[in-house]
Amino acid sequence: MDKTTRLTVSLVLVRVILGVSMLMHGISKVSDLAGTVGFFSSLDVPAFMAYLVILIEIVGGIFMIIGLLVPLVALGFVVVLATAMFLLGLNRGYVGGVELEVILIVLSIATGFAHFEKKLFTFLPNVK
C-alpha cells in the first residue's frame, strides 16, 4: 500500500468516526429532548438552540460519514463544541473535562482541511 492510499484511508477513518461520534451525541439529545431543552435553558440558552445543535449533530454526522459538505460540517462541529466548552466552563480541567471537546475539535479541523475542495461531495479526500 503506497503512502497516498494510507493517508486517504486514515483520513476516511477519522472522518467516519468523527461523524459517528457527533451523530450519536445528537441521537442521545433527541432521546431525552425535554431534558436537553431543559439543560440548555438552565444555561440561559434559548430552547431553539437545542434544536439547532441537534440538527448540526445528526445531519452533520450523517453528512460527515458519507463525505457531503465536509468542510462546512466540520465548521459547524467546531462552533458547537467550542461553545459547549465555554458554556460548561473551562475550569473543569482537561482530563475528564474538556478533553473530548478538544479532541473532536482537532479532528473536525483536520478533516475539514483534508476535504477542502470545491466539490459538494467528496468521499475520498484529495491526498497527493
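The values are calculated or read from the model by the stated rules, or taken from the named source; none is laboratory data. Treat the numbers as computed from the prediction; the structure is a model and nothing was measured. Note: ideal-geometry Cβ built from the backbone for every residue, glycine included; neighbour counts use all protein chains shown. Note: accessible area is taken over every heavy atom of the protein model, side chains too, but ligands, DNA and RNA are not part of it. Shrake-Rupley method; radii C 1.70, N 1.55, O 1.52, S 1.80 Å.
Of the set (1) closer than 27 Å to residue 112 by Cβ; (2) under 20 Å from the mean Cα position of the chain (by Cα), all apply to residue 6 but (2). Scanning the stretch 74-87 for residues that are in contact (Cβ under 8 Å) with a residue 24 or more places away in the chain and touching a helix residue (DSSP H, G or I) at 6+ places or on another chain (Cβ under 7 Å) gives 74, 75, 77, 78, 80, 81. Within the stretch 30-62, can you find the residues that are touching a residue at least 24 places away in the same chain (Cβ under 8 Å) and more than 18 Å from residue 104 (Cβ to Cβ)? Scanning the stretch 30-62 gives 30, 43, 45.
With respect to (1) open to solvent by less than 20 Å² (accessible area, probe 1.4 Å); (2) of a type outside the set (Val, Ile, Thr); (3) at pLDDT below 95, the lone exception for residue 120 is condition (1).
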